[in-house]
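Worksheet: the structure to be examined is printed underneath.
The values are calculated or read from the model by the stated rules, or taken from the named source; none is laboratory data. Treat the numbers as computed from the prediction; the structure is a model and nothing was measured. Protein only, heavy atoms only, side chains kept; ligands, DNA and RNA dropped before computing areas. Shrake-Rupley method; radii C 1.70, N 1.55, O 1.52, S 1.80 Å.
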Amino acid sequence: MGERRSPRISSRKQPRQARSTELVAAILDAAVQVLAKEGAQRFTTARVAERAGVSVGSLYQYFPNKAAILFRLQSDEWRQTSEMLRGILEDPRQPPLARLRTLVHAFVRSECEEATVRIALNDAAPLYRDAPEAREAKAAGERIFHTFMAQVLPDASSEARALAVELVTTTLGAVGKQFSETPRTDEEIERYAGAMADMFCAYLRGLATGGHLPAVACGNGG
């Protein structure tokens, strides 16, 4: 048997005029609504087109299949997450571990606010999980964290920093996903994020030269 080809996930073309941009935006907005209501298993291009009020043919001008739409939604989410990572972890106005605390709170809140769509996108992940674009999105986030860890742990070995990056990013993703699967109050989110930030700060202080970092570096609660 021949090798099974993955479905095409790139857009057919990029909108160049205002009307085309508005059409793509309407399709993506409708896709979010369908995904939130129907889930990944019942997500179809026909349902998206109907919700957007456009023909399936118009949708296919920009997205060749449902995998392409879902990947675009996921790509937008990855880009927003990367921008959040960069904006917080590269902020020179805060000491490094205070940035990490800010990031944990922002990430957990974001996971909870967009839980329905995120869960559905995760269910659709097999459609594009192994695509080059997916690997690059993951690598981009890891690069931001590696740069951050070089500031937090300047005297640690590259192996220790790599392990710290893996531990923090894996825990954030896995725990954030699990926590957000149940509706949470603002108080629960703040308490949970604060506890996770405390854990990360304690871990990184233990790795730092001399076994600790100045307490102020961890921000409130540090």
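Once the Cα-Cα distance is subtracted from the 0.36 nm per residue extended length, the residue 82 to residue 33 segment shows a gain of 15.3 nm.
Rolling a 1.4 Å probe over the protein heavy atoms leaves residue 144 with an accessible area of roughly 10 Å².
Bridgeable aspartates and glutamates around residue 177 (alpha carbons under 13 Å apart, same-chain partners fewer than 8 residues away excluded): 111, 113, 114, 123. When the Cα gyration tensor is reduced to axis lengths a ≥ b ≥ c, the ratio a/c is 1.5 or higher for the range 104-151, and with a/b not above b/c it is classed as oblate. Available extension along the chain between residue 163 and residue 55 is 34.0 nm, counting 0.36 nm per residue and deducting the alpha carbon span.
Could you sort 118, 99, 42 by accessible area so the largest value comes first, with the probe set to 1.4 Å?
Values: 118 45, 99 20, 42 120 Å².
These residues rank, largest area first, as 42, 118, 99.
For the chain, what class follows from the C-alpha gyration tensor (a ≥ b ≥ c being the square roots of its eigenvalues): rounded when a/c is under 1.5, otherwise prolate if a/b is larger than b/c, else oblate? Judged from the Cα gyration tensor, the chain comes out prolate (a/c at least 1.5, a/b above b/c). Straight-line reach from residue 138: taking Cα to Cα under 14 Å and skipping same-chain neighbours fewer than 8 places apart, the aspartates and glutamates in range are 76, 77, 83, 130, 166.
With a cut-off of 8 Å between alpha carbons and a minimum separation of six or more residues, what is the relative contact order of the chain in percent? The partial results should precede the final answer.
Values: 214 pairs, mean separation 54.1, N = 222.
This gives 24 percent for the chain.
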